[in-house]
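Note sheet for the following structure.
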Ligand SMILES: Nc1ncnc2c1ncn2[C@@H]1O[C@H](COP(=O)(O)OP(=O)(O)OP(=O)(O)O)[C@@H](O)[C@H]1O
Ligand SMILES: Nc1ncnc2c1ncn2[C@@H]1O[C@H](COP(=O)(O)OP(=O)(O)OP(=O)(O)O)[C@@H](O)[C@H]1O
Ligand SMILES: [Mg+2]
Ligand SMILES: [Mg+2]
């Protein structure tokens, strides 16, 4: 039985889904375990799979970690640190929005519900600047592609996203100029969690691999052309649950009680 | 088992309709109280103007329509409104029915259409295409096609046949299982004179040789008078006359059709 | 305009087929070289055994089938393989065609079906339902229904009529526009004796009164000999004989049908 | 001839070697793949408790009045957009389907162009339509309507064409014999014959427009689908089950209407 | 009687007041909503440049061999799962459709239960099926296949039932008159009659399974849809347009097969 390793669509890892093959090989070599990699586009499905014992390892984002922590007793194996992982509020440079305050009463779009860097993070940034979610501005959930189109037209005034998104948007619209009006603190790291009842030896082997051969693994990740921008990241083996309290407060910001996920 | 005994009794009642009424969708009544008794081995012609209810009556007899009122028993099985699908099935298994209008499965071969005649028999799933049917059925189907002189078209698709040829396929299908009761709605209508004669003679022969009871409609008075032992005329939803064929007079016929 | 002149000329050629051949899907040839010339005002009966190609020939005459070989002109318009849809349309606009098999629009009323007869005329989009049709068309359609004695069923859905009644609706539809050429494929096959007689007499009257040309098939030899001025027999894809109806002998008929 | 008459045709008459090879190949591909991608009964049995557990967490549905009210408003919004979008789409699909129908289309061989057009409409993903329409008319209900229109044409165009191709041929021939043109045949014979099928496809398209969870959300027109997606993304399963039940009720109602209409037309 | 014969029936005969009211109301609702949610011609004209610009950014499609190769592999993967899922789904839909078809079903009134079942399968969103199957068989191709199976039954179940309901009645009656049971009528008369329609629905279901961009990605089964989503998420529009074109080619191929099969069956 191979270890089933799910990767959710943590923003920024999409490209990896195409180029995970070298990483998978490297991890198999480093840990001596047989690994089956499953990139999953739905965080809900990945979390359920973990809860139901259908996957052993999940590599996922901070927001999902909070949910997993609330639903299961999963154990953190390692954290995947990503440089320049923060949320920001982007507007048109030529537009009327010059400061965060100008956004009062305007429409701000978020890319994906419950996503750390596209929804929770940017909402927290605005809250930190004193704009309450839903009352001081009109939040809308719209995919980034459409939102960019709409902001250029002037239908919406700002978009919440992370640094990687902005650079891809800039690439896509070379003749348009975008401005960041607010930027949050660095977001907590992505985490690799293991199912509670997973084979302890296998998990230990994985853990060891990340400690001892983290360079090799990261090098494998970076084999893909599109992934060069992840250069400089690390695998952190010391992670504590309290690092994610910031994320829990973000849930509170958008009006969701992080203690009450799915009933129990 | 009432039908077992009736099967042996040569003069048993095959069709027994009393005060049979039938209206479509509760509108105009088509049959307004028909009394008809047919005993085994008879050859009965049903005549009447267009729209007088001949087809309706025939369809009622095997439970294709529920009757609205009165009583009806075919081969000892009571067929009243909606009840007793088992009785209906028993009746149909012993009846050969030739429809007035096109009723072949157009995308199947002629032979498959004839093999369909075995539906209802044991193992009838094998009857849905000639390629699957047991050898005995296939052989019998070819014989039936032979009887209507269409064996050379056995593998043509049913809808590539001419109108009269299709009618003959439907006749072969009704005969393939040698029914006890043969009901035919204008069997010779689209047949050429010789084929029509052949078919009617075939029917007569089957009746004499196998004791089959025949009930057919026809607009060809010559056929009706020649091939039936008894002629029943419908008019205005009632039976106008019911006579042996040699006693039917030209004025009887005139009454039947004159509006 | 050749057809304008032919319309005035009483003895003009309405149907002119020469060495006409027709095979379906390049398989067995159905018509193997038919020569047929019909002049205006004639009443021609086409007879032949089932499957001899009567319907096929009639359908070729108005371009419902493309002919395989030979030449064909109907009312002066040449109808050869696939070409000239305009000619086909011209022919059809002047022809009334009664099909052998069911061909009504079942979900429409009888009256709507008859009004359909005006399709092809100017403003024909209004012909698709009787509720939309111009008053003159509606009136004419009711008259046509009257002629086949069905005006009391004008608002019934077409598929609630009996077989013979549906046939009469189809006849009314063919007559509603007073065609120049009337082609009828077994028009009386499912009609009761009186209705059949009525329809055939109606046809004859129209021919005499309006100079309409009539071409019909029938398996009723009495009809063929009584109502046609000329009888054409088909056999094995060729014309067996082509005589005035009073010269047709019983042995001619025997030859026609004996296989 | 007299000889051949007595021979019962072979059982396999009508099946050519080519058919046989194609069928066997296809069966082999499907069965071969099945081992890899189809579930084994054992897997299904073992997983049953997990399924029960998951459904358990969706129960009972959230029935708070506030929430229900919000859902009701969203449903109405969605239904309004879906109705208009589907109505426009269906209206356009009728001519498109006609032009695309083999044997019925006035274009003859050209019908294939319209088949391709409807295929294209289906192939281009909703997100691209959303982008196009947002770029054109901006975010909101109008773009949502247009996306639904396109989806509806992609679907109905194909199914209307199919129904027209399968319509009974005899009445069409009868009208052709009268000299009726293509459009007269369409209106006079084809449409009455396929009315039940059209009703089915059209009401399915409406149902699809109501159900579609992504389309309206994509262009910021909200709708019930967006609400459902949010409920799942935030792991609020009890809200999700309420929404599903509400949509189910609507779907059933539409199914009922479809059935009644079709029974009446038949 | 003789009197009434000459009267031409009124134009409106057959339309009841109730029909009229319902029709007018529906038209009013649709037209009323149209003002709010349908695009105005002016809007469309003004937005045209935005549309052109967007399409421009998708051109030319990315044709690098590496990328094409990756896409080809993904398409094959997707096609394999879709084929098996659709095949199983279609096989199950046949009995389900039969049981659900009014007038054809052996259950009589009970047919409604199966109609409701197929409605339920459609209403429950893909994500929920994905969750259920993930909980049962885990992430991967198997869960993807099952999700496609369910989608296919939801669709084909309805359209098969519809086709069976609309099948020609005369041949069915002819077989019933022979004493054929429900299933014999199904096999002998109904299926041959609806074969072209079944072919159409079945191949549409397969096409839908191939196109569906979300379902497989949801359960970690990858597929071409995932690839497309990633391309959009990274604003790689030229990659996206390549993928769309490839899917379009497949859809056209399937459309062609559908057409040929249907023409042959007809
Ligand atoms: N399905 C139906 N719904 C309503 N009325 C019907 C239906 N079928 C037949 N009718 C009506 O019932 C009457 C009798 O029809 P039936 O078919 O029994 O006549 P028929 O005697 O067989 O006539 P024909 O000689 O023309 O075949 C007709 O007036 C017809 O209009
Ligand atoms: N669509 C078709 N495809 C292939 N063969 C056909 C087709 N239609 C008719 N045929 C064949 O052509 C021959 C002539 O058919 P046609 O319908 O013209 O006969 P008919 O003289 O009208 O016979 P009937 O008196 O039975 O109406 C028949 O053998 C028939 O099988
Ligand atoms: Mg009758
Ligand atoms: Mg004929």
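Protection proxy ranking for E:172-181, C:152-161, using the average of other Cβ atoms within 10 Å per residue and placing the highest first: E:172-181, C:152-161.
Give the Kirkwood hydrodynamic radius (Å, one decimal) of region D:93-135, defined as one over the mean of 1/r across all pairs of different Cα atoms. Provide the component values of the computation, followed by the final result.
On the way: mean 1/r = 0.0891 Å⁻¹.
Taking every pair of different Cα atoms in region D:93-135, averaging 1/r and inverting gives 11.2 Å.
Relative to the longest principal axis of the Cα atoms of chain A, the long axis of helix A:144-153 lies at roughly 10 degrees. Report note on the peptides E:27-34, B:197-204, E:247-254: ranked by the mean count of other C-beta atoms within 10 Å, highest first, their order is B:197-204, E:247-254, E:27-34. The relative contact order of region A:59-148, computed from alpha carbon pairs under 8 Å that lie at least 6 residues apart in sequence, is 31 percent.
Note on residue C:135 and residue C:29: the model spin-label points, each 7 Å out from Cα along the C-beta direction, lie 5.7 nm apart.
Ordered by the count of other Cβ atoms within 10 Å of each Cβ, fewest first, E:216, E:121, B:132, E:18 give E:18, B:132, E:121, E:216. Taking every residue in E:204-212, how many Cβ atoms of other protein chains lie within 10 Å of its Cβ, on average? Average neighbour count from other chains, rounded to a whole number: 2.
Relative to its residue count, chain C spans a Cα convex hull of 130 Å³ per residue. Listed from fewest to most Cβ neighbours within 10 Å, the set C:252, A:34 follows the order A:34, C:252.
Fewest neighbouring Cβ atoms within 10 Å first, the residues C:114, B:13 line up as B:13, C:114.
Normalised Debye scattering of region E:44-87 at q = 0.22, 0.23, 0.24 Å⁻¹ gives log10 I(q)/I(0) of -0.75, -0.77, -0.79, counting only Cα atoms as equal scatterers and leaving out solvent.
Note down the relative contact order for chain C as a percent, whole number, built from C-alpha pairs under 8 angstrom at least six residues apart.
Normalised by residue count, the contact order of chain C is 24 percent.
Measuring r between the beta carbons of residue D:11 and residue D:109 and using R0 = 25 Å, the FRET efficiency lands at 0.05. Starting from the label point of residue D:20 at 7 Å along Cα→Cβ, the same points in the other copies fall at 6.6 nm, in ascending order. Kirkwood hydrodynamic radius, computed over distinct alpha-carbon pairs, for region C:66-159: how many Å, to one decimal? It is 14.9 Å. By the compact-protein rule of thumb, 2.2 N^0.38 Å, the alpha-carbon radius of gyration of region A:69-140 corresponds to a ratio of 1.36. Kirkwood radius and radius of gyration were both taken over the C-alpha atoms of chain A, and their ratio Rg/Rh is 0.99. For region D:127-266, the square roots of the Cα gyration tensor eigenvalues, ordered a ≥ b ≥ c, give a/c of at least 1.5 with a/b no greater than b/c, which places it in the oblate category. Across chain E, Cα-Cα pairs farther apart than 25 Å form 63% of the total. Each Cα pair under 8 Å and six or more residues apart adds its sequence gap; the mean of these over the residue count of region A:97-170 is a relative contact order of 42 percent. For the peptide C:131-141, the mean number of other protein chain Cβ atoms found within 10 angstrom of a residue's Cβ is 2.
Inter-chain Cβ neighbour count for A:49-58, averaged per residue, equals 5 (cutoff 10 Å, partner chain atoms only).
Using the Cβ-Cβ distance between residue D:18 and residue A:1 with R0 set to 41 Å, the FRET efficiency from 1/(1 + (r/R0)^6) comes to roughly 0.40.
Note on residue E:53 and residue D:53: with the Förster distance fixed at 51 Å, the Cβ-Cβ geometry gives a FRET efficiency of about 0.55. Distance from the Cα centroid of region B:177-231 to that of region E:56-124 is 53 Å (rounded to whole angstrom).
Comparing D:55, D:21, D:219 in a Gaussian network model of chain D, where Cα atoms under 10 Å apart are tied by springs, the biggest mean-square fluctuation is seen for D:21.
Please identify, among A:88, A:157, A:52, the residue showing maximal mean-square fluctuation in a Gaussian network model of chain A using a 10 angstrom Cα cutoff. Among A:88, A:157, A:52, the largest mean-square fluctuation in the Gaussian network model of chain A belongs to A:52. Shape of the protein assembly as shown from the C-alpha gyration tensor: prolate (a/c of 1.5 or more and a/b above b/c, with a ≥ b ≥ c the square roots of its eigenvalues). Which distance in Å, rounded to a whole number, links the C-alpha centroids of region D:168-235 and region E:213-266? First find each Cα centre; the distance between them is then 22 Å. For residue B:258, the point set 7 Å out from Cα toward Cβ sits 4.1 nm from its twins in the other copies, listed from shortest up. Summed over all non-identical Cα pairs, the Kirkwood treatment of region D:13-76 gives a radius of 17.0 Å. Each residue, residue A:166 and residue A:245, gets one label point 7 Å from its Cα in the Cβ direction; the gap between the two is 2.9 nm.
Values quoted throughout were computed directly from the atomic coordinates according to the rules given, and no laboratory measurement underlies them. This one's a predicted model, so the numbers in the text were calculated from it and none came from an experiment. As a convention, Cβ positions derive from the backbone with ideal geometry for all residues, glycine included, and neighbour counts pool all protein chains shown.
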